[in-house]
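The values are calculated or read from the model by the stated rules, or taken from the named source; none is laboratory data. Remember, predicted model here, so these are calculated numbers, not experimental data. Virtual Cβ from ideal backbone geometry, glycine too; neighbours counted across all protein chains shown.
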Amino acid sequence: MNVRMIASVTALLFAAVAFAAGPFDGNWHGLAKSDKAYCGIGEVTLNVVDNKASGEARFPRGVAKIGGVVEVDGSINGTIGLYRLAGLFKDDTFTGGFGAAGRCDMTMALTRAK
């Protein structure tokens, strides 16, 4: 009897952990752009699962991989290509930026897919 109860409780705990989602989990889409035309515009796709972000930004000159961790407050500690990605998730929007000190400073605006 005790073995069955322990097995049932353990199964419920594993199920609860498996279905726990971070507040910013989901698929995010949008653009990265600069005020300098030669930097181009990038189409960004980002996937957040359990506060881990991964994705890519597609620019006319190539693709940059995105990776990072979304903190409890919605800030991201990440990279895009060789650059540091900083920004904030709030509700169903993300705003942030990255760049190379004055050459191609980029702003990024994403929305979560419904």
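State the number of residues belonging to region 60-79 that are free of Cβ contacts under 8 Å to residues at least 24 places away in the same chain and either within 14 Å of W28 (Cα to Cα) or not in a loop (DSSP other than H, G, I, E, B) (or both). Lay out the reasoning, then the answer.
Initially, region 60-79 is screened for residues free of Cβ contacts under 8 Å to residues at least 24 places away in the same chain, giving 60-69, 71-73, 75-77, 79.
Still in the running and either within 14 Å of W28 (Cα to Cα) or not in a loop (DSSP other than H, G, I, E, B) (or both): 62-69, 75-77, 79.
Residues flagged as free of Cβ contacts under 8 Å to residues at least 24 places away in the same chain and either within 14 Å of W28 (Cα to Cα) or not in a loop (DSSP other than H, G, I, E, B) (or both) within region 60-79 amount to 12.
Yes or no: F98 farther than 16 Å from G26 by Cβ and touching a residue at least 60 places away in the same chain (Cβ under 8 Å)?
yes
Among the residues in region 80-88, are any closer than 26 Å to A21 by Cα and either of a type outside the set (A, V, I, L, M) or in contact with a Lys or Arg (Cβ under 6 Å, 6 or more places away or on another chain) (or both)?
Within region 80-88, one or more residues are closer than 26 Å to A21 by Cα and either of a type outside the set (A, V, I, L, M) or in contact with a Lys or Arg (Cβ under 6 Å, 6 or more places away or on another chain) (or both).
List the residue pairs whose Cβ atoms are under 9 Å apart, where the first residue sits in region 7-35 and is under 26 Å from A64 (Cβ atoms) and assigned to a helix (DSSP H, G or I), the second is at pLDDT below 95 and among the small types (G, A, S), and the two are 6 or more positions apart or on different chains.
none
So which residues in region 103-114 are more than 22 Å from A37 (Cα to Cα) and either assigned to a strand (DSSP E or B) or aliphatic (A, V, I, L, M) (or both), if there are any at all?
Correct list: T111, R112, A113.
Take the conditions part of a loop (DSSP other than H, G, I, E, B) and either modelled with pLDDT under 95 or exposed (fewer than 11 other Cβ atoms within 10 Å of the Cβ) (or both) and apply them to A100. Does it pass?
The answer is yes for A100.
Filter region 60-82 for residues that are over 10 Å from the mean Cα position of the chain (by Cα) and crowded, with 18+ Cβ neighbours inside 10 Å; which is farthest from G42 (Cα to Cα)?
I80
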